[in-house]
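Read the structure below first, then the notes.
The values are calculated or read from the model by the stated rules, or taken from the named source; none is laboratory data. Just so it is clear, the structure is predicted and the values come from calculations on it, not from any experiment. Glycine gets a Cβ as well: all are built from the backbone with ideal geometry, and neighbour counts include every protein chain shown. The area values use the complete protein model at the heavy-atom level, side chains included, leaving out ligands, DNA and RNA. Shrake-Rupley method; radii C 1.70, N 1.55, O 1.52, S 1.80 Å.
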Amino acid sequence: MSTAISPLAPTDVPELPPLDGVKLATAAAGIRYKGRTDVLLALLDPGTAVAGVFTQSKCPSAPVEWCRLKLKGGKARALVVNSGNANAFTGKTGRVATALTAKIAAKAIGCKPDDIFLASTGVIGEPLDATKFDGVLDQLADAAAPGGWMDAAKAIMTTDTFPKVATATVKLGKAKVTINGMAKGAGMIAPDMATMLAFVFTDAPISAPALQSLLKAGVADTFNAVTIDGDTSTSDTLLAFATGAAAANGAPKISKASDLRLKAFVKAFNAVLADLAEQVARDGEGARKLVEIIVDGATSKASARKIAMSIANSPLVKTAIAGEDANWGRVVMAVGKAGEPADRDKLSISFNGIRVAKSGARDPSYNEAEVSKAMKSPEIQIKVALGLGKGRDRVLTCDLTKEYIAINGDYRS
């Protein structure tokens, strides 16, 4: 965790309300550093439905493999998250560690290990000593209480400079339901199905299959539309939990994602995901600029996404933004290398609403002073108009600064 908060951190941080069916507790187990809060336990009421999406990396962490397997049951009683050690690339030792962690947690709360979900973040390749959870999880189970969302979000941080939380309240039927979420992530961010670690909780009575459908659809234009450095983590995990407690207040039980009564809920659910995803972009390691990239006029949305990601992941584009240089030549380069349909002579590019290139050349009205002033903003929008079709997409990223190198150059030190 950094001691200097990102200048892009949100100034308006919501206070997350207690959520029926969820109790939280945190502790310092000494996973990597002594005295640092590094374990989160979320206790979930019996009957809680669970859904998840995970990294598509071919080298996933042991907790990712554990969760994928246990997700088939559709139910969860607890979530255990640790920071400091990713328990990735740890072979048989890692699998033993996940099983032992789940066994310790299950004993502490009185359930089956299959109902325990796990996530780990931190250094890759170091064995995780799961015996450090022994005793700690018993204490957390006794101490768990409603609320404490901000402490929970802080417990899962690594190189993050601020905790990431979001909340929404919406009507489901005639009842009020709550959606609370938290996430961590600042580097090794190029999502593929999910991103970093993120956890969303609701008291809505939604079945596991329906929740899975909502989650899979929700990540497409939120978490999967964010990149910091083009590197997909071994540990990307996004889990959603629905306790169903709002049924006692009259919320209808939902078994299908196509249920029309979910319309307002889906909008609020996706808004929470989008909020968390943007906070990740705002906390990119060493970031000083939040960058929104919009590509329109593509042959398809998928083509627009690939081009937008090509721009977002270009070190040359990102360093130019860090230097407050509206270098459209680098944007042209990133469009051209994406491997998607593009016509140089139809291409137009804008920075923060100021068109700098038109029809394959510098815009005749280009004004260096005007553009330089616009580039000093902490939020930069790059818009690329391809002029080929109706495909459009949007992704978020950040600039690339010397601080990113400093953070990652001594990450294991």
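You will find that of V280, V332, V272, V317, the residue that is crowded, with 20+ Cβ neighbours inside 10 Å, out of contact with any Gly (no Cβ under 8 Å at 6 or more places or on another chain) and not acidic (D, E) is V317 and no other. It is to be established whether one or more residues within the stretch 78-88 are open to solvent by less than 60 Å² (accessible area, probe 1.4 Å), among the polar types (S, T, N, Q), over 20 Å from W149 (Cβ atoms) and outside any helix (DSSP H, G or I). Yes.
For residues that are without any contact (Cβ under 8 Å) to a residue 12 or more places away in the chain and at positive phi, scanning just the stretch 88-134, find the one that is farthest from the chain's Cα centre (by Cα). Once the filter is applied, the top-ranked residue is G110. Residue under question is L347, and the condition is that it be open to solvent by less than 50 Å² (accessible area, probe 1.4 Å), touching a Gly at 6+ places or on another chain (Cβ under 7 Å) and of a type outside the set (G, A, S); does it hold? Yes, satisfied.
The residues listed here are G148, G181; of these, the one that is touching a residue at least 12 places away in the same chain (Cβ under 8 Å) and either under 26 Å from K289 (Cα atoms) or more than 22 Å from the chain's Cα centre (by Cα) (or both) is G181. Does the stretch 400-411 hold any residues that are part of a loop (DSSP other than H, G, I, E, B) and surrounded by fewer than 11 Cβ atoms within 10 Å (Cβ to Cβ), and which are they? Answer for the stretch 400-411, where residues must be part of a loop (DSSP other than H, G, I, E, B) and surrounded by fewer than 11 Cβ atoms within 10 Å (Cβ to Cβ): just D410.
If you filter the stretch 376-399 down to residues that are among the charged types (D, E, K, R) and open to solvent by 40 Å² or more (accessible area, probe 1.4 Å), you find that the one that is farthest from L347 (Cα to Cα) is K376.
If the condition is being closer than 21 Å to L100 by Cα and either buried (at least 24 other Cβ atoms within 10 Å of the Cβ) or among the charged types (D, E, K, R) (or both), then the stretch 51-65 contributes S61, A62, P63, V64, E65.
In the stretch 32-50, what residues are assigned to a loop (DSSP other than H, G, I, E, B) and either buried (at least 24 other Cβ atoms within 10 Å of the Cβ) or without any contact (Cβ under 8 Å) to a residue 12 or more places away in the chain (or both)?
The answer is K34, G35, D38, T48.
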